[in-house]
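Participant: What follows is a single structure, and I will ask about it in a moment.
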Amino acid sequence: MKRLAPVLLLVAAALAWPSTAAAKTCELSITGNDQMKYNKSELVVGADCDKVKLTLEHVGKMSVEQMGHNWVLAKSSEYKSLAQAGMKAGMKNEYIPQGDDRVIAHTGLVGGGETSSVTFDVSGLEAGGDYTFFCSFPGHYGIMNGKFVIKG
Ligand code: CU
């Protein structure tokens, strides 16, 4: 029995591990409106967040075909080219190029009164890295963009 104790301790530690190392999910929210604007130009999360749940609410009344919004995250150096690719992907893909590595995360495309959320892993992103969020609906990214900051 004495010789089993260390083994049992190890087993107990292994069982306890998942709960002590539970992934931390941080929540963010942003709105888009009929004036083609987000309500935030910067979103900040702590470096201790493993995942982020981002919720986009369209607080306007216009339809998704006229004034659709989404929320797409990319490296700042890539977001403009990604926005161009999104436009080409078309409405059938909700203006997201399929299988494109530049997309770190994206919500669905919403019209007035609708909400869409996305939960994504940020543990692989760099604290202090340069990331930009934007709307990939045609013609929107020039105004609808902002910085995504991971505070170290
Ligand atoms: Cu938009």
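Every number in this text was worked out from the coordinates using simple rules, so none of it is lab data. Model, not experiment: these values are computed from the prediction. Glycine gets a Cβ as well: all are built from the backbone with ideal geometry, and neighbour counts include every protein chain shown.
Participant: Rounded to the nearest 500, what is the chain's calculated 222 nm mean residue ellipticity when only DSSP H runs of at least 4 contribute -39500 (n - 2.57) each, over all residues?
Facilitator: -6000 deg cm²/dmol
Participant: A further question follows. If Lys and Arg each add +1 and Asp and Glu each add -1, what is the summed charge of the other residues whose beta carbon sits under 10 Å from the beta carbon of Ile104?
Facilitator: -1
Participant: If I take R0 = 30 Å and measure r between the Cβ atoms of Ala127 and Met91 in this structure, what FRET efficiency does the formula 1/(1 + (r/R0)^6) give, to the nearest 0.05?
Facilitator: 0.25
Participant: To the nearest 20 debye, what charge dipole does the range 67-152 have about its Cα centre, counting +1 at the Cβ of each Lys and Arg and -1 at the Cβ of each Asp and Glu?
Facilitator: Its charge dipole is roughly 200 debye.
Participant: A further question follows. Can you tell me the FRET efficiency between Lys37 and Gln84 if r is taken as the Cβ-Cβ distance and R0 is 30 Å, rounded to the nearest 0.05?
Facilitator: With a Förster radius of 30 Å, E is 0.90.
Participant: Please enumerate, by chain and number, the aspartates and glutamates with C-alpha under 12 Å from the C-alpha of Lys53, excluding those fewer than 8 residues away in the same chain.
Facilitator: Reachable aspartates and glutamates: Glu27, Asp121.
Participant: Let me ask something else. When only Cα pairs under 8 Å and 6 or more residues apart are kept, what is the percent relative contact order across the range 44-152?
Facilitator: So the answer I get is 41 percent.
Participant: Rounded, prolate or oblate for the range 28-130? Axes are the square roots of the Cα gyration tensor eigenvalues, ordered a ≥ b ≥ c, and the cut-off for rounded is a/c under 1.5.
Facilitator: oblate
Participant: Among all the lysines, which ones have a C-alpha under 20 Å from Lys80's C-alpha, if same-chain residues fewer than 8 places away are not counted?
Facilitator: Straight-distance partners of Lys80: Lys37, Lys40, Lys88, Lys147.
Participant: With the Cα gyration tensor of the range 47-98 giving a ≥ b ≥ c as the square roots of its eigenvalues, does the rule (a/c under 1.5 for rounded; else a/b larger than b/c for prolate; else oblate) give rounded, prolate or oblate?
Facilitator: Oblate shape, in that a/c is at least 1.5 and b/c is the bigger or equal ratio.
Participant: How far is it, in nm, from the label point at Asp48 to the one at Lys147 when both lie 7 Å from their Cα along the line to the Cβ?
Facilitator: Taking the simple label geometry, Asp48 and Lys147 are separated by 2.3 nm.
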